[in-house]
Amino acid sequence: MMFTYIAVVGVAALSLTSPASSEMLVSYTRSGGFAGISETVVVHRDGTVTTGRGRAAEFTLGKARIRDLRQALDGVTTRTSSRRWCNIPDHFAYTLAYRGWRATRCHQLPEDWRPAVTRLEALIRSSADSR
C-alpha cells in the first residue's frame, strides 16, 4: 500500500511541474535536503493553486494576491539554471518556471528569486496548515 501511495504522489508531482500548460502561471519546486523532501506549488492563471507536499491540496487565490505574486515574479531576472553547488550533500534544489522559462538553482536562491519564492512557499505552508 505504501508503494502505491508514493507512486501516485510521484506522478502528481511530475504533472504539477510541467511547464507546457498554457493555463499555468508559475510552478515552483523545492527538493532535497537531509530528509529528501519535495514541495511543489503550481498557480494557474485563473488563481487556482495546486500544492504537493505529501498529499496534493487545491484552493483559489484572489485577484490581489495573484497581482502581488505576478509583481514578485516579474522582478526575477535570473532565468538560467546553474549546477554550481549542486554537489553539496543534503542541499536543496529550487526550480522556478514562469512565462516560458524554467531554471533550477542549488543550495542558495538567487536574491531576485526571494520575493517570489517567499510568496510561493507561503502557499505551500498554508495548504499544509489547513489539512
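The values are calculated or read from the model by the stated rules, or taken from the named source; none is laboratory data. Just so you know, these numbers come straight off a predicted model, no measurement behind them. Cβ sites come from the backbone with ideal geometry, for glycine too, and all protein chains shown count toward neighbours.
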Practice task
Return the total of residues in the stretch 103-114 being crowded, with 16+ Cβ neighbours inside 10 Å and touching a residue at least 24 places away in the same chain (Cβ under 8 Å).
Solution key: 5
Exercise for the section: Report, by residue number, each residue of the stretch 92-114 that is in a strand (DSSP E or B) and more than 16 Å from G36 (Cβ to Cβ). Expected result: L96, A97, Y98, W101, R102, A103, T104, R105
Problem - Test result for R114, more than 16 Å from E23 (Cα to Cα) and at pLDDT below 90 - result: no
Completion exercise
All conditions in (1) modelled with pLDDT of 95 or more; (2) in contact with a Phe, Trp or Tyr (Cβ under 6 Å, 6 or more places away or on another chain); (3) not in a helix (DSSP H, G or I) are true of L120 except (3)
